[in-house]
Amino acid sequence: MDRRVLILGGYGEAGRRLAAMLGHSLTGRITLAGRRLKEAEECAHRLAREFRRGPCYAAQAVNVSEPQQLTECLTDIDLVIVACHVPPRSLDALIASCVDRGIDYLDITPQPGKAERFEAWRSIIQASASRFVLDAGADPGLPGWLVRRAVSMVAGATDVTIWARYRSRAIGWGGSADILREAGSTGWVYQRGWYRERPWRQLCYRSFSGGLGRALCLPIRAAEMEGLPGELRLRRLRFDHAGLNPITDLLMALETVRLWRLWPFRIRQRWFYNAMRYLTRRPFGLSISLEVRGNAEQSLRQSLWHDDLYHATVAPAAIMAERLLVSEGMPADYGHLGFWAVQDAGFEGRLLREGFRVVSE
């Protein structure tokens with residue numbers, strides 16, 4: 001595939017791995033972009049040596065906080081992949097530029113307020129030639145696909161409980177900020193409407209497949225789950241998420257306390273990052289399980305797991321990136337990974353080839 005791809009945050013852990021995975025199928029150009037040009041160049045040189053017959057790897061300096069600088073780097077691009085945080089003003093400029101130039105968009109970075117920005121652009125996107133895939137990594141991303149897949153297998157599905165755990169010491173500085181910014185989403189469940197569960201009913205103890213053991217979990221209101229109850233006509237939806245370790249769990253809980261937030265965000269991020277990096281212990285990986293209940297006491301329980309969190313993150317993103325680059329028939333639209341993945345009959349097979357395990361009980 002002779003295509004041109006730009007990866008914002010391309011020299012970070014997730015961006016670098018995604019660039020390497022796309023190197024197996026692309027023969028065009030992959031540009032790694034970010035604030036630190038030297039790091040981007042070093043990463044591009046390493047990848048170029050690894051994939052001598054693959055794409056041309058290039059580097060570019062760009063500050064995503066500067067909308068004009070961000071849109072100028074989109075010249076001669078087929079697909080932009082976002083693997084870093086993009087401020088709201090820059091995100092609007094990025095969406096507008098993609099729509100104007102017919103560029104496809106894919107991101108793997110969760111961030112508060114992103115869903116609202118895309119909803120404001122819905123009609124314009126659908127009238128354009130661009131496709132937008134949101135939260136195309138593993139978590140968020142794969143839970144939404146797994147829910148849609150399981151609900152289609154249970155007649156009259158009404159109740160869904162899903163629980164997920166990811167563990168890694170390799171989550172980078174930017175990733176730690178993304179996790180902290182999601183602290184306000186904890187405690188929410190859907191029961192004919194979203195509401196915050198009583199504190200003494202929030203905590204639960206879950207068992208995880210793939211050797212990730214048991215852990216305390218809290219329900220969260222992930223953006224990818226926001227519209228699922230209405231879309232799938234569910235009566236109840238609960239998404240329980242386990243933390244990385246007890247200290248990071250405590251720091252996440254403190255993020256909801258107003259007095260705690262008087263400390264500068266960078267300091268709080270440093271504490272969280274260090275606790276995550278030095279106190280998170282094996283086993284590592286990603287595990288997602290769910291239970292679906294329907295009419296006539298029908299039920300289904302499924303699990304999905306992978307032993308490498310970063311490979312699990314970039315694999316679904318790479319699958320969707322390749323589909324965007326080769327599938328001319330995909331209509332212009334935007335949606336989370338699950339929305340697009342259920343339209344691809346080969347998606348599950350590709351996941352299995354990338355080392356995922358999907359088991360129905």
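The values are calculated or read from the model by the stated rules, or taken from the named source; none is laboratory data. As the structure is a computational prediction, the values presented were derived from the model and not from experiment. Every residue, glycine as well, gets a Cβ built from its backbone with ideal geometry; the counts of neighbours run over all protein chains shown. All accessible areas refer to the heavy atoms of the entire protein, side chains included, with ligands and DNA or RNA removed. Shrake-Rupley method; radii C 1.70, N 1.55, O 1.52, S 1.80 Å.
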Considering segment 186-200, residues that are surrounded by 15 or more Cβ atoms within 10 Å (Cβ to Cβ) and either in contact with a helix residue (DSSP H, G or I) (Cβ under 8 Å, 6 or more places away or on another chain) or without any contact (Cβ under 8 Å) to a residue 12 or more places away in the chain (or both), and then whichever is farthest from residue 256 (Cα to Cα), we arrive at 190
Output yes when any residue across segment 73-89 is among the charged types (D, E, K, R) and assigned to a strand (DSSP E or B), and no when none is.
-> no
With respect to the numbered conditions (1) under 30 Å from residue 92 (Cα atoms); (2) in contact with a strand residue (DSSP E or B) (Cβ under 9 Å, 6 or more places away or on another chain); (3) of a type outside the set (A, V, I, L, M), which one is the sole condition not fulfilled by residue 207?
-> (1)
Go over the candidates 89, 36, 49 one by one and state the one that is open to solvent by 60 Å² or more (accessible area, probe 1.4 Å), in contact with a strand residue (DSSP E or B) (Cβ under 9 Å, 6 or more places away or on another chain) and at pLDDT below 95.
-> 36
Number of positions in segment 61-77 that are open to solvent by less than 60 Å² (accessible area, probe 1.4 Å) and either of a type outside the set (A, V, I, L, M, F, W, C) or at pLDDT below 90 (or both) = 4
Test each condition in (1) within 22 Å of residue 84 (Cα to Cα); (2) crowded, with 19+ Cβ neighbours inside 10 Å; (3) under 19 Å from the mean Cα position of the chain (by Cα) for residue 356 and report the one that comes out false.
-> (1)
Number of positions in segment 334-352 that are more than 17 Å from the chain's Cα centre (by Cα) and not in a helix (DSSP H, G or I) | 4
Checking residue 203 against (1) open to solvent by less than 10 Å² (accessible area, probe 1.4 Å); (2) more than 30 Å from residue 349 (Cα to Cα), which single condition isn't satisfied?
-> (1)
Given the structure, is residue 106 under 22 Å from residue 19 (Cα atoms) and assigned to a helix (DSSP H, G or I)?
-> no
Looking at (1) within 30 Å of residue 126 (Cβ to Cβ); (2) surrounded by fewer than 17 Cβ atoms within 10 Å (Cβ to Cβ), can you tell me which one residue 323 breaks?
-> (2)
Note on segment 276-300: residues more than 22 Å from the chain's Cα centre (by Cα) and among the hydrophobic types (A, V, I, L, M, F, W, C) are 279, 292, 296, 300
For residue 313, all conditions in the list (1) farther than 18 Å from residue 14 by Cβ; (2) among the hydroxyl-bearing types (Ser, Thr, Tyr); (3) touching a residue at least 12 places away in the same chain (Cβ under 8 Å) hold save one; what is the number of the exception?
-> (1)
Taking segment 9-33, which residues are farther than 10 Å from residue 60 by Cα, modelled with pLDDT under 95, touching a Gly at 6+ places or on another chain (Cβ under 9 Å) and not in a helix (DSSP H, G or I)?
-> 9, 11, 12, 23, 24, 25, 26, 27
Across segment 165-177, what is the total count of residues that are open to solvent by 20 Å² or more (accessible area, probe 1.4 Å) and assigned to a helix (DSSP H, G or I)?
-> 3
Qualifying residue in segment 212-227 (condition: farther than 16 Å from residue 290 by Cα, crowded, with 21+ Cβ neighbours inside 10 Å and under 16 Å from the mean Cα position of the chain (by Cα)) | yes
Please find, among 115, 150, 157, the residue that is modelled with pLDDT under 90 and not aromatic (Phe, Trp, Tyr).
-> 115
What number of residues within segment 178-205 satisfy the criterion of being among the acidic types (Asp, Glu) and in a helix (DSSP H, G or I)?
-> 1
When every residue in segment 244-290 that is of a type in the set (Val, Ile, Thr) and open to solvent by 50 Å² or more (accessible area, probe 1.4 Å) is compared, the one nearest to residue 148 (Cα to Cα) is 256
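For every residue, the table says whether it meets (1) closer than 26 Å to residue 329 by Cα; (2) among the β-branched types (Val, Ile, Thr); (3) outside any helix (DSSP H, G or I).
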{"position": "112", "(1), (2), (3)": "no, no, yes"}
{"position": "118", "(1), (2), (3)": "yes, no, no"}
{"position": "123", "(1), (2), (3)": "yes, no, no"}
{"position": "129", "(1), (2), (3)": "yes, no, yes"}
{"position": "133", "(1), (2), (3)": "yes, yes, yes"}
{"position": "137", "(1), (2), (3)": "yes, no, yes"}
{"position": "144", "(1), (2), (3)": "yes, no, no"}
{"position": "147", "(1), (2), (3)": "yes, yes, no"}
{"position": "157", "(1), (2), (3)": "no, no, yes"}
